[in-house]
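Only one structure is covered here, and it is reproduced in the block below.
Every number here is computed from the coordinates shown, using simple stated rules; none is lab data. If you're wondering where the values come from, they're calculated on a predicted model, not measured in any experiment. Glycine also receives a Cβ, built like all others from the backbone with ideal geometry; neighbour counts cover every protein chain displayed.
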Number of protein chains: 2
Amino acid sequence: MNLILLFEDDFVAPARARLNDRRYRHIRAVQQPREGDTLKVGLLNGATGHARVLRVDDLCIELETCLDQPPPAALPLTLVMALPRPKMLKRTLETIAAMGVKKLCLIHSYRVDKSYWSSPLLAEDAIREHLLLGLEQAGDTLLPEVSLHKRFKPFAEDELPSIATNTRALVAHPYEAAGCPVATLEPTTLAIGPEGGFIRYEVEKLQQAGLTPIHVGSRILRVETAVPVLLARLFPPL
Amino acid sequence: MNLILLFEDDFVAPARARLNDRRYRHIRAVQQPREGDTLKVGLLNGATGHARVLRVDDLCIELETCLDQPPPAALPLTLVMALPRPKMLKRTLETIAAMGVKKLCLIHSYRVDKSYWSSPLLAEDAIREHLLLGLEQAGDTLLPEVSLHKRFKPFAEDELPSIATNTRALVAHPYEAAGCPVATLEPTTLAIGPEGGFIRYEVEKLQQAGLTPIHVGSRILRVETAVPVLLARLFPPL
């Protein structure tokens, strides 16, 4: 936790927040602050800054906040990702939030096990929890939007074309693909397949929606490695 | 498993391998091959190629191998990494093997919990197991060399300078650092700190050994994300 994310509900008075949940326990156990110490904080979907510890006891911590900095810049990206298996989804949600992705569409694909769609991890609260962990890691405050699309074809035909319009629209696909384009900050749509990749029919549908296949080398990477590699290649450091 | 890694011991005759362990069970459960099917294989530290299934029954699978391709190119890198906590070490070993790192020095650092050095994951066999998983994922055969350095100062003073000589020698460090250099295939030494980063004394020691601090943006990433991001920024796709 490199930044303590605060919610509107935490404020007991202007610029005065009181925490008594997971964040309080983490701060107390790991950072062990004393009265007067300064901690890095941010308001969910708002500014970042610092907070002075007013009081810390066995029940809660009370902070005086000064939120005067913008959160780090976001990636101009809509990430379209075949739903990974639950364990990998968890880490991937944290990674994309940490790296500054703000729009994620989780989609079905032929090689996605249908049972993955029943995972409790897809509950709104569970998704949010892992995104918050990623934001806290990276010092960000802007919660990514995540949408679920359980049917590939309607998504690819009816929704993807308008998402992809006027963006650098790409699908990571190791076969019949061009090399990775250079890093720029232009608006981008990037689709990433499941383990085993998109099937030919799906790649054709994605191409019809305006996406161009690219690859990032001959090595086949797990989704949780492919995501940071692709984002690092497509965008300059922010 | 995108490539089945074979060992010399698997061969019961020239170009004929028999498997009855984890690999056999995985192939049978996931790939479900029949006689005559072709699988992607590689010989540990040797060539890659394909194998025809001669026989598959309840006890083993027998393959006729044709190993005629070189493994994918390796990164010209020595990665020096503060020992991560065990769960993260596991995944990081798999990631670095998958991405083509061939030399890894795991080192102590002030912010590395001393208990990490007692993890059973640091046994030679355990390290090897996770490296093999990474190689199988990426279709590689060349096992990375991993060395353990339980004391920071002797490593930084006596070993690192000769590792770093005549290489692009870098330490990922978010403070007082230059931006990330452009991607090239030149021989590189890269040091990555623990959660919380190297302390000032350590950064000075690494600089004395010839390493230059670089950063890859304002976001603080977990080691398992920072590694793929740094490698993707420092090297072009292979």
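Computed values, structure above
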quantity	calculated
As computed over the range A:10-74, the Cα convex hull volume per residue (Å³)	91 Å³
Those trypsin sites (Lys or Arg not before Pro) in the range B:146-213 that DSSP places in a loop and that have at most 11 other beta carbons within 10 Å	B:ARG151
Test item: Cα-centred dipole of the range A:4-69, Lys/Arg +1 and Asp/Glu -1 on Cβ, debye	200 debye
Per residue convex hull volume, Cα atoms of the protein assembly as shown, in Å³	167 Å³
Inter-copy label distances at A:GLN208 (7 Å, Cα→Cβ; nm, one decimal)	6.6
Alpha carbon convex hull of the range A:97-184, volume per residue in cubic angstrom	145 Å³
Check: chain A dipole with +1 on Lys, Arg Cβ and -1 on Asp, Glu Cβ, in debye	680 debye
Shielding by partners - mean other protein chain Cβ count within 10 Å, residues of B:71-79	1
Share, in percent, of DSSP beta bridges within chain A that are antiparallel, nearest 5	40 percent
Among B:LEU160, B:PRO174, B:PRO237 the positive-end extreme of the charge dipole of chain B (Cβ point charges)	B:PRO174
Other-chain or far-sequence residues with amide H under 5 Å of A:VAL171's (modelled H)	A:ALA191, A:THR212, A:ILE214
Percent of beta bridges antiparallel (DSSP, the protein assembly as shown, rounded to nearest 5)	40 percent
Under the Karplus curve 6.51 cos²θ - 1.76 cosθ + 1.60, θ = phi - 60°, whole-Hz ³J(HN,Hα) for the range A:147-163, x wherever Gly or Pro sits	10, 10, 10, 7, 10, 5, 5, x, 5, 5, 8, 9, 10, 5, x, 6, 5
Shortest-first distances to equivalent copies, position A:PRO236, nm, label 7 Å out along Cβ	1.9
Where labels lie 7 Å past Cα in the beta-carbon direction, separation of A:MET88 and B:LYS153 in nm	4.5 nm
Close Lys-Lys pairs in the range A:77-234, where close means Cα under 19 Å and separation is 8 or more or interchain	11
Label distances, nm, B:PHE11 versus same residue in remaining copies, Cβ-directed 7 Å point	7.2
Between the range A:118-143 and the range A:26-51, the alpha-carbon center distance in angstrom	19 Å
Rg over Rh [alpha-carbon atoms, Kirkwood Rh] for the range A:71-228	0.93
Approximate spin-label separation A:ALA183-A:ILE199, in nm, with each point projected 7 Å along Cα-to-Cβ	3.7 nm
Given charges at Cβ of Lys, Arg, Asp, Glu: the range A:4-69 dipole, positive-most of A:ILE27, A:ALA15, A:ILE61	A:ILE27
